[in-house]
Each structure stands twice: as structure tokens, then as C-alpha cells.
Amino acid sequence: MKFFHSTIFILAIAFFYSCQKTEAPSPVLPVPNKAQIAWNEMERNAFIHFGLNTFNDMEWGYGDSPASTFNPSSLDAEQWCKVIKDAGMKGVVLTCKHHDGFCLWPFKGTEYSVKNSPWRNGKGDLVKEVSDACKKYGLKFGVYLSPWDRNSALYGTPEYITYFREQLTDLLTNYGEVFEVWFDGANGGTGYYGGTNERRSVDRKTYYDWPTTIELVRKLQPNAMIFSDGGPDIRWCGNESGIGGRTNWSTLKRDEVWPGWPRYKELNPGHEDGNYWVPAEINTSVRPGWFYHKSEDHKVKDLPRLMDYFYESVGRNGTALLNFPVDHRGLIHEIDAANVIQWQKTIEADLANNLLKTVGNIEASNVRGNSSKFEADNVNDGDKNSYWATDDNTINASLIFEFKKPVTFNRFLAQEYIALGQRVKAFSLEIKTDEGKWKEIADETTIGYKRILRLPTVTTKVIRFAVKDAKACPTISNIELYNAPQLITSPIITRNKNGVVTINSANKELDIYYTTNGAAPTLAATKYTQPFKTNGKVEVKAIAVDPSSKNKSSVVSAKFDILHTNWVILKTNDKRSKAVIDGNPHSEWSQSAKKMPIDLTIDLGKTYPVKGFKYLPGQSRWTNGIIFNYEFYTSVNGRSWKKQQAGEFSNIQNHPVWQEKTFKATNARFVRLRAISNTKGDTKAGYAEFDILTQ
Ligand code: FUL
């Protein structure tokens, strides 16, 4: 009997321990709530900036642009939603009120809204049109409501908070389900403020009484994510360039960084020891500006830039929020639409064929309690709720993937089971070489909801994923492998002052072939390996080619005239002026004077038969002195000058690209570009590049 009892006792203990072992790991706090997980799973959303700024060519309206200027000619919110849907995005956040205070819905508390605009004869409600279009296209709808209001006379007083909450109540009551509420961090400063035109500063920590406002949002839209720089539910990533942290914790010491802005640098990586779950939203605009400016039509993010954005947001444990500056017509511009649809197609193609599905065997160095519930295969079963986990004390652990045939890949995707918290602090990826040795191909930090690595293309039969450090035993829900098609990026050809030509292409895995004799380059042309020297006039043509598929870019051509080696910019002591003739379109120089005109005078070092000139205005966003009316002079001796031409660079403000002017060839050693006026009407003249054309 006694024996029987003790056996039962031992068995019971054994059973107890085995159950213990196969229990799910305890969560690592803090953990996300369901709505936060659902928000991460949306991955990519759209932002819309549209309002009076659109019609007044501004980014931050002062609050005094007349409501009557809001006049889109053919606004169609369904066109926006169709583009957004086709671009693979899941939700839309609309600037219902930007800092200028203008309301896109007929808010009863102000006259500064669509109701006093000609659009739809003052009967329109854009928030309604957009939220309806979202419903039709199966997109979630979110609202941006600027706390700062440069129009309201109340701003800065306690009454404004009531006004602000009434606006919020309208937006969260009358337009159906709202998935995200966006509170901008820019707050207080100069403004119109009901005609007082003054500076009003507020303490952004205390003025708005945020806790009460947050409660209001919770009451009206319990599932909405509240965004501000420092949370509460989701945070800013600390930049507007669309770059999520390579180390990116979804956890944050929210109370310490609140309201966020002063410690914005910490928002990018988050805090490993953060005590709140506040994942990062990675926002950027498809154009340089948040609002539409015709002058930026040629600066829409292209496919390579958009792909960087995808991998640096969604691929770095963030949710992307890509802004569309809707144009004057009230449409997403054709260029923006084409680029984002290309973006979606390329993301789909990159992640089309998960090679891990062809794996022969997955071997874990440790499986929690040896239980099938936590087995290695869970990372490859397509079930987001199953995961591979290890025993509590086993942090260093690995998975070895063995393939029957060699696999070639260049993308690695991993996901943690974040319902139990973000755990992994460091991981690596290795491949087994033909010699049977491990070779590390990636050494990274965090994973979180999703991490995607872009890797140089490699071929192997065995891959090892190793967790090197974690807050507790790892819980990995998913791993995928892809061989993304090479992105064909165009060659960029530049030549410096001394004639050295450099050809680059953003995708470094492409080969470049070029010619200097005017012929179209093929794979039989010279392969570019390093910068090369040219003398004088030359036309360089290049293509970029994917060595495996042989897919190639279109031919890019660059015509260079005489060398700038002996050129001297006269009549200035400013050393920075050499930016004008350095062959680099991204460097620039500007000069100012008490009054126009302003001259750029160059000694070419020798006499040439000059038959024209080229001018590229500054390419930076806030460039100065884009020349509009000009005169062009030549001289043989630098004393007596002959005017060769006078005219304007038409549309240069909106389209600041190379301008080329030609005239009858004349001998000259000295040339002068005289700026008669610039596009702003002030007294500056600015240049990215200047060149001449010779016969
Ligand atoms: C910033 C604002 O000041 C910009 O105008 C824009 O709305 C951007 C999304 O946030 O803080």
C-alpha cells in the first residue's frame, strides 16, 4: 500500500513537471492589446494631406487663407481609395483639420470650413465623402485632428479645449468606425488667431489635458489607436523620412518621454526596458511635401525609394503610413498613383514564393518541454497563433533548416509571437558553405511583429537562424525565405570637374555596361568597374543589368562638354561657389545682393567657340534664388561683353530641371549668367550646376 502511494506520488510529481514544461511561456511585459496587434497586422496605411494649403501652395497655413480658396475642380474620394486599395494599403488617415484650423467637414463651431467654400456650393462634407469611399473599398478610416489651430481666436485659452473636443466628438461620432486618431506634435507659435496675428505658446504637456481627451476617444471609439509623438497607443518613429529603427522595440517608457518631441531620438529604437507597449508608426510622404506642390511633380518617390521605405518600415517592426498630397483637382496625382501601384506589384513579387515551404527538415536546438505544441515546424505552418518556443532558461537557441536541394535566397522574414511580448534582443543567420563551414550572413538585433532582411543573394542547402540574446525564451511564430527578383535601378552618371566619370546604380547587385562613342550599350559593351577619366566632350551611355535574369534598365545618357578643370568663378570670395561647377547636382550655392541683377561670371581658362549654356537650379527643398529672367553674356578679354541672349526659364519654379539655351557660336573665354529676377521676387541667385555648350 505504502509502495503504491509513493509510486502515485512520484507519478503525480512527474506529471506535474511535464505539464509545467509544456505550458506556454509566461508573457514578457508589457504586451500589446488585441487592437494594437490588429493595427500591426495592417502593415501599410495611407495618409492624406489636403486642405487650404493645397490651394495656397503652403505646408503650414497661417490660419488666414480665405476659405473661398478651397476649390477642387474634380474631387473624387473614390479615386483615392481605389489607388490606395490597389497599392495594398489597408486604412486611410485624413487631415480633417491641419494646423491652419480649416475644417474639411462643416463643423458648427466655426465659419472656417468647407461650408464657406465654393466646393459643392458650400454643401460638401469631405470627411463624409472619404469615410464613405473607405467603406465602399473595404478600407479602415482614421482621422487627423491638429491640436494646434492657427485660425481659432480661442487657441491658448481653456475654451479652446472644449472647442477641440467638440470637433473630436463630431469626427468620432458621425462617420462610422475610426481605426486611428492622429494628434500632431507641432503645437503653438505664430498664427492668425482670429485676426490677432500673434505668437501664442502653450505648455503641450498640460494645456490640452490629454487624459480627459484620451478618455473621450476611448468612450466614442474603443478600438481606435491613438497616435501622438509619444503614444499612448502608437508612437512616431522620430523622423519623417520613413526610416524605422533597425533596432526597434515596440516598448516605450511612455511616461518619461511624453509628449515625445523633446526626446524624439529615443522614439526611433523605442526602449528595450519600456513599460508600455507603444509600437512605431513610420510615416513619410510620397513627395517631399505633405501637401501638394506642382513644383514637386518630378520629385515623387520612385520605386527604389519606395522599396527602401517598405523594408525600413514593415521590414523593421513598424507600420507604414504613406502620405498622398492630393492635388488641386482633388485627385491623387497620376505619377503618385503609378509609383505606388508599381510599389505594390514589386512587394508582391519580392514575397511571392516562400522557399521555406520546400524545406526538408527543421531542427531546433531546444523545444519547450519537448512538446509538439512548441515544435520547430510551427514557424513554417502558416498559422500565426502557433510558435516555436524553448524552455524557460534556454535563451540561446537555434533552428537549422535543411533543404533537399540548394536554395537561392536574398530575403529573410521572421516574426515573434508578440502576444507574449517582444523578446528577441539579438539574432543571426548563417549558411553552410560547400566546405561544410558556417558563414554568418546577418547579425541583427530586434524582430518584433515582423522583421524582413534584404541580403546579398546566396545559395546553400543549410541555414541556421540563431537567437543570441532575448529577454526570455524566444517565441517565434513565423519564418519565410524568398529570392526576390533584382530591382532594376537606372544608372546615374556624373562627371567631376576633372573629367572623372562615375556611374552608380542603387541596386549594387546589378552590372553596369557603358559606351563613350554614342552607341547604345549592350552586354557586349565595356563593363563598368571603377570611375574613369574622360577628356573634353563626351557622351556616356549606360545600362544596368541583372546578371542572372539579364533584365536591363533603359539606356541612360549624359552629355558632357569641355572639362571644368581650369574654370574660375570670378567676383566672389566664397569658396562654396565651386559647387556650381563640380558636376554634382546635389550640391548648390546661392548669392544675394541688395538688388538685382546678380551675375555669375566664369573664366573658362581658354577661348572656346561657345554656342550656349545650361543651368540647373538648386535641387534642395528650400533652395534659394531660382533664376527666372536672365541675360547671357560672353567676352573674349573679360572687359568688353556681348549680350548673346535674354529670356526667361519658363515654368522653372514648378519644374526645376536642367535649362538649356543655345545661340550662334561665338569665341569666348569669359561667360556671364545674369539673373534679372528670381521666382520669389527677392534678391538672390542660386545654382546647383552651370555648364556651357561649345561647338
Ligand atoms: C507634422 C506636421 O507639422 C506636418 O505638417 C504634417 O502634418 C506631418 C504629418 O506632421 O508634424
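Figures for the structure shown
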read-out	value
Residue count, the stretch 363-394 (criterion: farther than 16 Å from I479 by Cβ, of a type outside the set (S, T, Y) and open to solvent by 40 Å² or more (accessible area, probe 1.4 Å))	5
Test: residue in the stretch 187-195 that is on the phi > 0 side of the Ramachandran plot, within 15 Å of the ligand (Cβ to nearest atom) and surrounded by fewer than 22 Cβ atoms within 10 Å (Cβ to Cβ)	yes
Test: residue in the stretch 260-282 that is modelled with pLDDT under 95 and open to solvent by less than 20 Å² (accessible area, probe 1.4 Å)	yes
Of all residues making up the stretch 437-479, the number that are among the hydroxyl-bearing types (S, T, Y) and open to solvent by 20 Å² or more (accessible area, probe 1.4 Å)	4
Counted residues, the stretch 288-338 - those being away from the ligand (no atom under 16 Å from the Cβ), open to solvent by 10 Å² or more (accessible area, probe 1.4 Å), under 27 Å from F55 (Cα atoms) and in a helix (DSSP H, G or I)	9
Residue tally, condition part of a helix (DSSP H, G or I) and either under 25 Å from the mean Cα position of the chain (by Cα) or not assigned by TED's automatic domain parsing to the domain that holds L94 (or both), over the stretch 134-143	2
Search result, residues across the stretch 36-88 that are in a helix (DSSP H, G or I), within 14 Å of the ligand (Cβ to nearest atom) and hydroxyl-bearing (S, T, Y)	T54
Matching residues in the stretch 678-695 - criterion: being surrounded by fewer than 18 Cβ atoms within 10 Å (Cβ to Cβ) and under 19 Å from K643 (Cα atoms)	T694, Q695
Which numbered condition V143 misses (of (1) surrounded by fewer than 23 Cβ atoms within 10 Å (Cβ to Cβ); (2) in contact with an Asp or Glu (Cβ under 8 Å, 6 or more places away or on another chain))	(1)
Residue count for the stretch 219-230, restricted to those that are in a helix (DSSP H, G or I) and within 16 Å of the ligand (Cβ to nearest atom)	0
Single condition D434 does not satisfy, out of (1) touching a residue at least 12 places away in the same chain (Cβ under 8 Å); (2) surrounded by fewer than 17 Cβ atoms within 10 Å (Cβ to Cβ)	(1)
Subset of the stretch 103-123 (residues that are of a type outside the set (F, W, Y), outside any helix (DSSP H, G or I) and either within 32 Å of the chain's Cα centre (by Cα) or exposed (fewer than 15 other Cβ atoms within 10 Å of the Cβ) (or both))	C103, L104, K108, E111, S113, P118, K123
Residue in the stretch 397-416 that is in contact with a Lys or Arg (Cβ under 8 Å, 6 or more places away or on another chain), open to solvent by less than 20 Å² (accessible area, probe 1.4 Å), in a helix (DSSP H, G or I) and not assigned by TED's automatic domain parsing to the domain that holds V114 present	no
Candidates K34, K90, K82, K2 - the one that is out of contact with any Pro (no Cβ under 7 Å at 6 or more places or on another chain), modelled with pLDDT under 95 and among the basic types (K, R)	K2
Verdict on L600 being at pLDDT 95 or above, more than 27 Å from R639 (Cβ to Cβ) and either in contact with a Phe, Trp or Tyr (Cβ under 7 Å, 6 or more places away or on another chain) or not polar (S, T, N, Q) (or both)	no
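Yes/no matrix, rows are residues, columns are (1) within 16 Å of the ligand (Cβ to nearest atom); (2) in contact with a strand residue (DSSP E or B) (Cβ under 8 Å, 6 or more places away or on another chain); (3) open to solvent by less than 50 Å² (accessible area, probe 1.4 Å); (4) assigned to a loop (DSSP other than H, G, I, E, B):
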| site | (1), (2), (3), (4) |
| --- | --- |
| E159 | no, no, no, no |
| Y175 | no, yes, yes, yes |
| T206 | no, no, no, yes |
| V217 | no, yes, yes, no |
| P232 | no, yes, yes, yes |
| R235 | yes, yes, yes, no |
| R246 | no, yes, no, yes |
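The values are calculated or read from the model by the stated rules, or taken from the named source; none is laboratory data. Predicted, not measured: the structure shown is a model, and the values here were computed from it. For neighbour counting, all protein chains shown are included, and Cβ atoms are generated from backbone atoms with ideal geometry for every residue, glycine included. The area values use the complete protein model at the heavy-atom level, side chains included, leaving out ligands, DNA and RNA. Shrake-Rupley method; radii C 1.70, N 1.55, O 1.52, S 1.80 Å.
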